[in-house]
Amino acid sequence: MSTTTRLALRRLCTSKFTRGFHTTLTRSSAKLRAQVREKIAEIDGTSPFSSALIDSFRRRHDYLRISLTERCNLRCFYCMPSEGIELSPSENILTNEEILRLAGLFVRSGVTKIRLTGGEPTVRKGISEIIAGINELRPYGLKSIGMTSNGLSLHRRLPELIANGLTHLNLSLDTLDEFRFEIMTRRRGLHAVLRTLDAALASLPFVKLNVVVVKGLNDSEVLDFVEMTKDKPISVRFIEFMPFTGNKWDVKKMVPSSELLRVISDRHSDVVRAPDELNDTARTWKIPGYVGNFGFISSMSDHFCATCNRLRITADGQIKVCLFDAKEVSLRDQMRQGATDSELLETIGHAVLGKQEKHVGMQDIDVTTNRPMILIGGRRPHTTLYQLISPIFIPPPHTRTLQRRFNSSSANPRLSHLDDAGRASMVDVDNKVPTKRTATASGRIFVPQIAYKLVTSTYPVSEDEGSAAIASHAAASKARRKGDALTVAHLAAIMGAKKTSDLIPLCHPLALSNISVVLSPEVSASGSDAQRYSIVCRATVSCEGKTGVEMEALTAVSVGLLTVWDMLKAVAGKEMEIGEIIVEEKTGGTHDFIRAEKKM
C-alpha cells in the first residue's frame, strides 16, 4: 500500500473518531446541562428567589428589617434630635395585619431573615402576636426572627417572645457607666438594660451588643466592653457615629474603627480576625480563649455596600432600600388602595432596582432630607406632625424632658390649640367617648432649714434670747399667723385643680370626681453631702370625661407649691426654689402613660 493511500486512510479514521468523540461529548454536555437545569428548577421550586429582590448590581436582598413603631422610651442624642421628632398619626402606622402581609410577601419572594426594629419595638402593642405570626412563615423559607431593642422593659417579656419564635436579639447599650447612660439616652435605666442582658444570655445561645462610639464620651469604655466577651457568649459591635437629621453629627466626634482596633490590639496583642457571616455588616475579631467576640460596623470609614442584602420597611409602610438614601416608596398606600401581592412585588422591584451601588462619602451625606435615625422606620418628613421635646431648653441629665402636644389631624404641623388660621381654639372632643381618666403629678419646693422647721415643728421664744433671735422668731410668728402652712397649701391645691379651666384659657371645664393631695416634708443629701430641705406636693385627679386631667393635676401641684412659698416668704425670703414639676402617670383615653423613672 502506497504511502499516499495510508495517509488518506489515517485522515479518514481520525475524522470519524473526532466526529464521534465530539458527538459523545456534546451529548454528555447536553445531558449535564439538563441535569443542572433540573436541579436549579427543583431548588427554585422549594425556595424561590424573586427577581424583584435583586438589584442592578446582582445583590440578593434576603434580609428584611421591619420597624414596628416610631416611639421610644429613651431619647438617645445620636438617634433623636434634641428638639424632638415628628410622630405620624396612629392611622398612618402599619397595622398588625399589614405587617404580616408584607412579611409573608417578602418571605415567599426569598427573604430568610426578618429583624424587628423601631423606635423601640417593645413599646408596640401586640408585638408578641406579630412575632408569632411571622414565625408561621418558616415553611416558606424563613430561618430567623431577630429584634433590636434598648432592653429597658424587655427582661420580663423576653421568655414569651422567645416562645413565640424570636431567635436573635441585639441590645443597644452604649455605656456601662450609669451617669454616661443618662447623658447619652436622656433617661435613667442602665440597671434595667443589664437585667435584660442577663435574661437574654440565660435564654439565647448568643447576644449582640450594639455600641455607638462617640469620641470624648464613651470611647474610653471600649476595652471594658471587650472584656465582657471573656466569659459570656456576647458579640460586641462597635458602631461608628453616623449622621442623621438633628443629631449634630461631626466628623470630630466619629472614631474610626481602625483606631479602636489599634487600642484593643495594644492591650490584646494576640487578637485575631474571625470569620464573618455572609453579608454581615460587622468585621469580626476574637481574642483567643474568650467565649465571645467583637466587631466593627464601619459605615463611615469603610462601608460594606458591596455585600449589602438589607431592605427596610418603615413603621408607616415605606420601603427604604438604603439607610442613607432619603428616597422612599409607600407600600402602605398601595395596600390600602387594594393592590394585589403581584402589584406590591412590582413596586418593590422598582425600588430595589433604584438602589445605588454604594452610599456617598461621609462628608457628602444629606442629613437634611434623610430621616432621623429613630424614624428609619417612621414617617416621611413632609407627611406627618410634630410631637416635640421642648426646644426652650435642653434639660440636664437628672431632669425629665417635657413634651408639647401637637395636633395630628392635619397635614401641616401646628399646636392642637390653634385653628387653621393660627388663632387660639379649644380642642373639639365632641366625638370622643367618655372614659374614666386619672392623672398624677408631683413637684417640689426647696426651702431653707428655718422654713422647713417652721412647717414641721413649733418655735417657743424664751425671754433671754438675743435681739437677732427675737427678730427671727418674729418673722416665724408672722408666717404662723397665716395658719398651718401645709394645711392651707393642701386646700389651695384642691381649689387649684377645680379652677383649672378658669386659669388655663383653653382647658375644658370638667366635673372632677376626686382630688387627692399630699404634701410631704423631705430631707435629702446634696452632692456636697449638705442636707437639702424640701416640701413635695403630689396630686392625683380623677374624672369621667372625654379629655384627660393632666392639667388639673399639674395645676393642683403648682398652686399648692406657690401657696407654700407665700406662707413661708416672711422667713425664707428669696432662698426658695420650685421645680421638678412632672406628670408621673395618666390612665384613660387613647394612651396610658407611666413615667419609667419617677423623680420622687
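List of remarks:
- Per-region count, the stretch 97-125, residues more than 15 Å from the chain's Cα centre (by Cα) and not hydroxyl-bearing (Ser, Thr, Tyr): 16
- Checking the stated criteria, Asn170 turns out to be assigned by TED's automatic domain parsing to the domain that holds Met254 and touching a residue at least 40 places away in the same chain (Cβ under 8 Å).
- Residue under evaluation Val571, criteria (1) β-branched (Val, Ile, Thr); (2) at pLDDT 90 or above; (3) more than 37 Å from the chain's Cα centre (by Cα), criterion not met: (2)
- Number of the condition not met by Val226 [criteria: (1) touching a Phe, Trp or Tyr at 6+ places or on another chain (Cβ under 9 Å); (2) in a loop (DSSP other than H, G, I, E, B)]: (2)
- Evaluation of Glu597 against (1) out of contact with any Asp or Glu (no Cβ under 6 Å at 6 or more places or on another chain); (2) of a type outside the set (Ser, Thr, Tyr); (3) modelled with pLDDT of 85 or more (one fails), failing number: (3)
- Filtered residue count, the stretch 312-323, keeping only those that are surrounded by fewer than 21 Cβ atoms within 10 Å (Cβ to Cβ) and at pLDDT below 95: 2
- A search for C-beta distances below 8 Å between a residue of the stretch 260-272 that is closer than 13 Å to Gly295 by Cα and any residue that is of a type in the set (Ser, Thr, Tyr) and surrounded by fewer than 18 Cβ atoms within 10 Å (Cβ to Cβ), counting only pairs 6+ apart in sequence or on different chains, returns Val271/Ser265.
- The conditions of being crowded, with 18+ Cβ neighbours inside 10 Å and touching a residue at least 60 places away in the same chain (Cβ under 8 Å) are met by Arg187.
- Condition check for Glu522: acidic (Asp, Glu) and either touching a helix residue (DSSP H, G or I) at 6+ places or on another chain (Cβ under 6 Å) or modelled with pLDDT under 70 (or both): no
- Only helices (runs of 4 or more DSSP H) whose full extent lies in the stretch 152-220 are considered here, and the ones with at least 3 residues that are in contact with a Lys or Arg (Cβ under 9 Å, 6 or more places away or on another chain) and of a type outside the set (A, V, I, L, M, F, W, C) are 178-185.
- In a residue-by-residue description of the stretch 125-133, the property of being in the same structural domain as Asp231 (by TED's automatic domain parsing), over 27 Å from Glu98 (Cα atoms) and not in a helix (DSSP H, G or I) applies to no position.
Yes/no matrix, rows are residues, columns are (1) within 21 Å of Ser172 (Cα to Cα); (2) at pLDDT below 95; (3) exposed (fewer than 15 other Cβ atoms within 10 Å of the Cβ):
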site	(1), (2), (3)
Val207	yes, no, no
Asp219	yes, yes, no
Asp224	yes, no, yes
Lys248	yes, yes, yes
Val251	no, yes, yes
Asp266	no, no, yes
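- Scanning the stretch 538-587 for residues that are touching a helix residue (DSSP H, G or I) at 6+ places or on another chain (Cβ under 9 Å) and in a helix (DSSP H, G or I) yields a total of 22.
- Residues satisfying the stated conditions in the stretch 180-204, i.e. over 19 Å from Arg595 (Cα atoms) and modelled with pLDDT under 95: Arg180
- Pairs, first at pLDDT below 80 in the stretch 293-311, second surrounded by fewer than 18 Cβ atoms within 10 Å (Cβ to Cβ) and not in a loop (DSSP other than H, G, I, E, B), C-beta under 6 Å, six or more apart: Met300/Met362
- Cross-chain or 6+ apart pairs with Cβ under 6 Å, the stretch 561-577 first and closer than 15 Å to Val536 by Cβ, then of a type in the set (A, V, I, L, M, F, W, C) and part of a loop (DSSP other than H, G, I, E, B): Trp565/Met576
The values are calculated or read from the model by the stated rules, or taken from the named source; none is laboratory data. Please read these numbers as outputs of a predicted model, since none were measured by experiment. All Cβ positions, even for glycine, are placed from backbone atoms using ideal geometry, and neighbour counts span all protein chains on display.
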